[in-house]
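Readers should treat all values here as calculations from the given coordinates under stated rules, not as data from a laboratory. Because the structure is a prediction, the values reported are computed rather than measured. So basically every Cβ, Gly included, is an ideal-geometry build from the backbone, and we count neighbours across all protein chains shown.
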Amino acid sequence: MSDGSDRTGHGRRRWQVRPLDVFAVPNLLLLGITTMAVSWPRFVRFRGAANAREFAVYMALTMAVIVVAWVRLRHLRPPPMLLVAFELAFVLAVVGAIVPVAGGRLYDVVALGVRFDKLVHATWAFAGALAIAAVIDHSGSVPWWMRATLSVLAVLGLGAAWEMVEYAVVRSVAGAGVGGYDNNMQDLIGNLVGGVLSLTAPASWRTTRDLRVDAGSPEP
C-alpha cells in the first residue's frame, strides 16, 4: 500500500512530472530548434561565421540559466500567470531574433523611439522581478516594501551581469555587434521599467506552492 510519498518500495524516488518540467522542456526544445534552423543561419548571413564564439556564448548562457533554474526550482508550483509572463518574454526574444524586417531582424525595429530589443528587456525584467518576489514570499513573510525593493534591485543586478557578459564578448570577439554604452544603458533602463511594472501585478501572480510539502515529503 502506498504511503502517499513519492518513493518506491525500494526507497528510490520516482520521477514525477511537475509544472516546471512541462514549461522548461518544450522551451528548451524550441530554443534548440530555432537556434539551429533559423537563428544560426541568420547570424552567419549578417555577421559572418568568424564570430561564432559570440553566438555560442549567448546561446550557452541562456540554456544554462534555464536548466539551472529548472533543476533548482522544479519542486515548486509557480502561479500560472508567472509562467505566462516568462513565456511571453521567451517568445518575444525568439521572435525578435528570427523574424526578418526590412533586411534585418525584428529586434532592430524602432517604434515611438523605442527599439524592440528594449521591449524584450522590459518583459524579461517584469517576469524576473515577479519570480524573485515569489521566492521571497515563499521563503517567509517580509514587509511589502522590502520585497518590492529586493525584487527590483535583484533583477537590475542580473541585468547588469548580462551586460558585463556582453562587454566581455565585445572585448574578446572581433566585430561583435551588441552595441556600445548607449545600448547598454537603454537595456538597463528597460530592465528597470520591467522591474517597476512587476510591482503592479496582483499577488496571485507570485503565490507559489511547494510540491514537496504538498506530498508530505519536506526533504530537499
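Worth pointing out:
- Value of Rg to Rh for the range 19-209, rounded to two decimals, is 0.97; Kirkwood radius and Rg both from alpha-carbon coordinates.
- Distance from the range 153-170 to the range 46-116 (C-alpha centre basis), Å: 15 Å
- In plain terms, the residue of Met81, Met164 with the fewest other Cβ atoms within 10 Å comes first and the most crowded comes last, giving Met164, Met81.
- As a proxy for reagent exposure, ranking Tyr167, Tyr58 by other Cβ atoms within 10 Å from fewest up yields Tyr167, Tyr58.
- Here the residues Thr208, Thr149, ranked from fewest to most Cβ neighbours within 10 Å of their Cβ, fall in the order Thr149, Thr208.
- Full-extension gain in nm, Arg42 to Gln16, via 0.36 nm per residue minus C-alpha separation: 5.5 nm
- Most tightly packed first, judged by the mean number of other beta-carbon atoms within 10 Å of their residues, the peptides 117-127, 196-206 read 117-127, 196-206.
- In this calculation the C-beta distance from Ser204 to Arg53 is compared with R0 = 41 Å, giving a FRET efficiency of 0.45.
- The slack in the chain from Ile189 to Met63, taken as 0.36 nm per residue of separation less the alpha-carbon distance, amounts to 42.9 nm.
- Extending 7 Å from Cα along the Cβ direction at Ala168 and again at Thr34 yields two label points whose distance is 2.5 nm.
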